[in-house]
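To start, the structure itself, in structure tokens.
The values are calculated or read from the model by the stated rules, or taken from the named source; none is laboratory data. Quantities reported herein were computed from a predicted structural model and do not represent experimental measurements. In this analysis, Cβ positions are derived from the backbone assuming ideal geometry, glycine residues included, and neighbour counts consider all displayed protein chains.
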Amino acid sequence: MKIQVFNQDLDGFCQKYMFSDRIISVADHGVLPAQARQLFHGLFEQLLIFDTVSFKVTGENVGLALLIGQIGLKGVERLLDENALKFVLWQQTVMSLVEPAAGVQPLCIGMMNSPAHSDPEASIESGLKFLQDKIPASRLKKLVPKILPHYIPQPDNLAKDAVDLTNSAYMSGRLVDAGIPLEGRSLENIPKQYFDKLLKCANEMLEYKLLVRMKWSSTSNFTFHNIFSESVRRLTTASSVSSGFRYLSNINNIPNFSVLFENIKTPLESIPRIRAKRSSERFRQWIATGDGESPEELTRRYIEAIGGSRGFFERGLGKFTKSLAMTGVGAGVGALIEAGLPATAAGALAGKALEPLADIGLDLLDAYLLDGLLTGWTPRMFFADIKSEIKSITRK
């Protein structure tokens, strides 16, 4: 199983901050550094643990220029070669009336037909003009054809379906819990104060329908998830995988990525190199098999994978490790094994009083499992590579 995740955060950031002719509020100016850090943190994580990240692109592909600026041109080309990047040209859109109009429904669809919005080549070329360090014409001539196959058009009638489904949800009273009361009104008589919520619902439905059509996942938090008529399990897979990944990073003593970003000049440059490692490929395959499991369930599967098989705690080496940990050498792992529940491990590893013992226990367990008692790949090897990469980056 491979997980392809849809990302619209990069496009949203670019639309807000990267166009000089757009007014940016004082409040938005103030949060720009924090917004940028959050964006790059999310990109780092998504490119690390998902097979493919598909980016929303509205017109000029400024996001591509931002990726090149952060990862480097060679790094982006490397990611393109392994199909890690896709771009969805956003031509269909959903709009709403600003003021009520007699006999007119508030939601409508629109098509953006400028060259940058409708022609992938124009989208690429106009987006790359935002680069501070311009790409030589000779290289640009080869780069554009290389990016073009990674462009994906929106499926037909996506915006129409989103509007129809939102209208249907309103008329059936399914938006009442979201703060849009029906009160016997027709679509043409919805009060103005509900237009923004209705539009937000339609835009979520637009993303939702894209994910369903393309069989993608998303880390988006769907406010109106209760109206979706199809299973959302696949759509939430990316969120559960991200949460699980952060959980596993924590118990493997990987520093919080937001802290790393404060201390590393260009962390995204390392992504192509880390992704190319065999341990990273195997880890993406391994973590994707959980299909929506909780972080606790993922942690249990991780510990069992380190042991080489399911039921590790009840068999052979697992019993030996439990006995060893119970001697007091590894109190943190001992608590985890005794309970048999990852949630208990989380409590033991997170508690300040047990942190030193938990670290010793986990390291000891890893040493036994990885240094000769077992052979072959385990997901722990991925985190070993991450630690090695962090050390090499922070030394520069």
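Here are the numbers for this structure:
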| read-out | value |
| --- | --- |
| The lone exception for Glu188 - which of (1) assigned to a loop (DSSP other than H, G, I, E, B); (2) modelled with pLDDT of 90 or more; (3) charged (D, E, K, R) it fails | (1) |
| Residue within the range 84-98 that is over 19 Å from the mean Cα position of the chain (by Cα), farther than 14 Å from Ile152 by Cα and buried (at least 21 other Cβ atoms within 10 Å of the Cβ) present | yes |
| Selected residue (criterion: nearest to Val62 (Cα to Cα)) from residues of the range 113-139 that are modelled with pLDDT under 95 and among the hydrophobic types (A, V, I, L, M, F, W, C) | Phe130 |
| Candidates Phe44, Phe40, Phe19, Phe55 - the one that is modelled with pLDDT of 95 or more and either among the aromatic types (Phe, Trp, Tyr) or assigned by TED's automatic domain parsing to the domain that holds Asp133 (or both) | Phe55 |
| Residue, farthest from Asn61 (Cα to Cα), within the range 160-187, restricted to residues that are surrounded by 15 or more Cβ atoms within 10 Å (Cβ to Cβ) and in contact with a Leu (Cβ under 6 Å, 6 or more places away or on another chain) | Ala169 |
| Answer from Leu211, Leu158, Leu206 - the residue that is under 27 Å from Leu43 (Cβ atoms), of a type outside the set (S, T, N, Q), at pLDDT below 90 and in contact with a strand residue (DSSP E or B) (Cβ under 7 Å, 6 or more places away or on another chain) | Leu211 |
| So Ile135, is it outside any helix (DSSP H, G or I), without any contact (Cβ under 8 Å) to a residue 40 or more places away in the chain and in contact with a helix residue (DSSP H, G or I) (Cβ under 8 Å, 6 or more places away or on another chain) | no |
| Residue selected from the range 44-98 under the condition part of a helix (DSSP H, G or I) and among the charged types (D, E, K, R), by the criterion nearest to Ser243 (Cα to Cα) | Glu45 |
| Ser123 being crowded, with 19+ Cβ neighbours inside 10 Å, within 30 Å of Arg246 (Cβ to Cβ) and small (Gly, Ala, Ser) | no |
